[in-house]
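K.L.:
Input: one structure, supplied below.
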Amino acid sequence: MTKIENDEKLLKDFFTANKQEIADNDFSHRVMHRLPDRSNRLARIWNAAVVVAGAVLFIWMGGLEAAWGTIREVFISMINQGTAELDPKSIIIASVVLVFMATRKVASMA
């Protein structure tokens, strides 16, 4: 047995032998009831306002056009590189999955 293992065993034995229960007197219950409510209405309103402001700024600053241009360039480069024989269903499925994943990511940030 190494020194570290021996020390750990001694500590474990010491704390097991000297374990003392401290009376709670309903302290934990009182603390839990005094914590702020998780469904704080102000926080929900603030989150909604930030999401709306982000969406408005995204549209106002040309985010839709930039996203559409990027998607168009990706598809054009795919076609130019010889992937024209891809099944259109595969492209549609991949697009739907990417849009779904993007919306989940955006929703998780709110």
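K.L.:
Return the total of residues in the stretch 13-25 being under 38 Å from the mean Cα position of the chain (by Cα) and at pLDDT 85 or above.
P.N.:
0
K.L.:
Still on this model: Yes or no: residue 106 at pLDDT 85 or above and out of contact with any Leu (no Cβ under 9 Å at 6 or more places or on another chain)?
P.N.:
Here the answer is no, as residue 106 does not meet what is asked.
K.L.:
Then there's this: State all residues of the stretch 64-78 that are more than 16 Å from residue 98 (Cα to Cα) and modelled with pLDDT under 85; if no residue qualifies, say none.
P.N.:
Residues satisfying the conditions are 76, 77, 78.
The values are calculated or read from the model by the stated rules, or taken from the named source; none is laboratory data. This is a predicted model, so every value here is computed, not measured. Ideal geometry is used to build each Cβ from the backbone, glycine not excepted, and the neighbour counts take in all protein chains shown.
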